[in-house]
1. Mean shadow of segment 39-93, computed from the convex hull of its alpha carbons, in nm²?
2. Show me the GluC sites (Glu not before Pro) within segment 26-74 that DSSP assigns to loop and that have at most 12 other Cβ atoms within 10 Å of their Cβ.
3. Can you list which of the trypsin sites (Lys or Arg not before Pro) found in segment 1-90 are DSSP loop residues with at most 15 other C-beta atoms within 10 Å?
4. Would you compute, from DSSP H runs of 4+ residues alone, the mean residue ellipticity of the chain at 222 nm, taking -39500 (n - 2.57) per run and dividing by the full residue count, rounded to the nearest 500?
5. Applying 1/(1 + (r/R0)^6) with R0 = 35 Å to the Cβ-Cβ distance of Glu3 and Tyr88, what FRET efficiency is obtained, to the nearest 0.05?
6. At R0 = 25 Å, how high is the FRET efficiency between Thr72 and Arg36 if r is their beta carbon distance? Nearest 0.05 is fine.
7. From the phi angles alone, apply the Karplus equation (6.51, -1.76, 1.60; θ = phi - 60°) to segment 89-101 and give each ³J(HN,Hα) in whole Hz, x where the residue is Gly or Pro.
8. For a quick check of understanding: with a 1.4 angstrom probe and all protein chains in place, what accessible area in square angstrom does Phe52 have, to the nearest ten?
Amino acid sequence: MREVYHLIRKLGVTSKYKGYYFVAEAVKISMEMPERPMKITKDIYPYLAKKFKSTPMNVEHDIRTVINVCWTVNRETMEDIAGYHLTYRPTNSEFIDMLAYYLSQSEQ
């Protein structure tokens, strides 16, 4: 989990954002089940909402806020992690998948 937090901080996001913890947990879940497609709306948001005593709508919004901060503050690092030039801000599921894939590749 430390690697996940480090990567999110590298993108310019700190723990002052609620989405920081939501993104970290979503990436962890995604990495634990790489063979299964991630259903962010049906699986991830409700799980995180329950775990952090929030709502799925707030979880979605807070993750989007983190992505907007990364996009605004540190787009170059975001592109390095993605491995290609980003022409648009990634969706929540694309962002989580991007981080999970990057971390899984760095472990090998």
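1. Working: hull surface 16.5 nm².
With every direction weighted equally, the projected area is 4.1 nm².
2. Numbers: sites: Glu32, Glu35, Glu60; in loops: Glu35.
Of the GluC sites (Glu not before Pro), the ones in loops of segment 26-74 whose Cβ has at most 12 other Cβ atoms within 10 Å are Glu35.
3. Working: sites: Arg2, Arg9, Lys10, Lys16, Lys18, Lys28, Lys39, Lys42, Lys50, Lys51, Lys53, Arg64, Arg75; in loops: Lys16, Lys39, Lys53.
Here the sparse-neighbourhood loop sites are Lys16, Lys39, Lys53.
4. Result for the chain: -21000 deg cm²/dmol, rounded to the nearest 500.
5. Efficiency computed from Cβ-Cβ geometry: 0.85.
6. Values: r = 32 Å, r/R0 = 1.28.
Working from the Cβ atoms, E equals 0.20.
7. Each residue's phi maps through the Karplus curve to give 5, x, 6, 4, 5, 5, 5, 5, 5, 4, 5, 4, 5 Hz.
8. Phe52 has an accessible surface of roughly 80 Å² with all protein chains in place.
The values are calculated or read from the model by the stated rules, or taken from the named source; none is laboratory data. Please read these numbers as outputs of a predicted model, since none were measured by experiment. Neighbour counts run over all protein chains shown; Cβ positions are idealised from the backbone, glycine included. Accessible surface is based on the protein model in full, side chains and every heavy atom, while ligands, DNA and RNA are left aside. Shrake-Rupley method; radii C 1.70, N 1.55, O 1.52, S 1.80 Å.
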